[in-house]
Amino acid sequence: MVENVIWPAYFDAGLSRNEGRRVPLDLAVEDPTVDEIAEAVRQVGYDAVIERDVAYPRENWDERGRVLVKDAGDAGKSDLLQAVGAYVVAFRD
C-alpha cells in the first residue's frame, strides 16, 4: 500500500516553488486548508486522513497539518496533486 503525504504548502499561491509549492499558480490558492485538500482528495476518488498537529518541514513554525492519501493506485504523486489542485481551486470559485 502506497501512502502519499500532501501538505497545504503544495497548493499555497503565496509560496514559490523553492518554498514548497508543487503545483502551477493556476492550481494554487491563498492559505489552503487540510479540510479543503481532504475533500478534494475524496472528490478525486481516494480516501483521505487528516493529521492536524504536524508542520511541513519548510514551515516548521506553522502547524497547518497534512493529508495522507492511502493507496492512490497507479496515479503518480504529480498527477494526484494536479487533480487535487483543480478541485481546491474549484471549491474557492
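The values are calculated or read from the model by the stated rules, or taken from the named source; none is laboratory data. Everything quoted here is computed from the prediction, not taken from an experiment. Please note: Cβ atoms are built from the backbone with ideal geometry, for glycine as well, and neighbour counts cover all protein chains shown.
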I'd like to verify a number: residues in region 30-76 that are among the charged types (D, E, K, R), surrounded by 15 or more Cβ atoms within 10 Å (Cβ to Cβ) and closer than 18 Å to residue 18 by Cα, how many? 1
Going by what's in this entry, would residue 84 be described as surrounded by 20 or more Cβ atoms within 10 Å (Cβ to Cβ) and either assigned to a loop (DSSP other than H, G, I, E, B) or modelled with pLDDT of 95 or more (or both)? yes
Please indicate, with yes or no, whether at least one residue in region 32-41 is farther than 12 Å from residue 7 by Cβ and more than 14 Å from the chain's Cα centre (by Cα). no
Taking the conditions exactly as written (of a type outside the set (A, V, I, L, M), surrounded by 13 or more Cβ atoms within 10 Å (Cβ to Cβ), under 12 Å from the mean Cα position of the chain (by Cα) and at pLDDT below 95), does residue 20 satisfy them or not? yes
Checking residue 23 against (1) within 15 Å of residue 86 (Cβ to Cβ); (2) touching a strand residue (DSSP E or B) at 6+ places or on another chain (Cβ under 9 Å); (3) touching a residue at least 40 places away in the same chain (Cβ under 8 Å), only one condition comes out false. Which one? (2)
Restricting to region 38-59, and then to whatever is over 20 Å from residue 78 (Cβ atoms) and of a type in the set (D, E, K, R), can you tell me which residue is modelled with the lowest pLDDT? 59
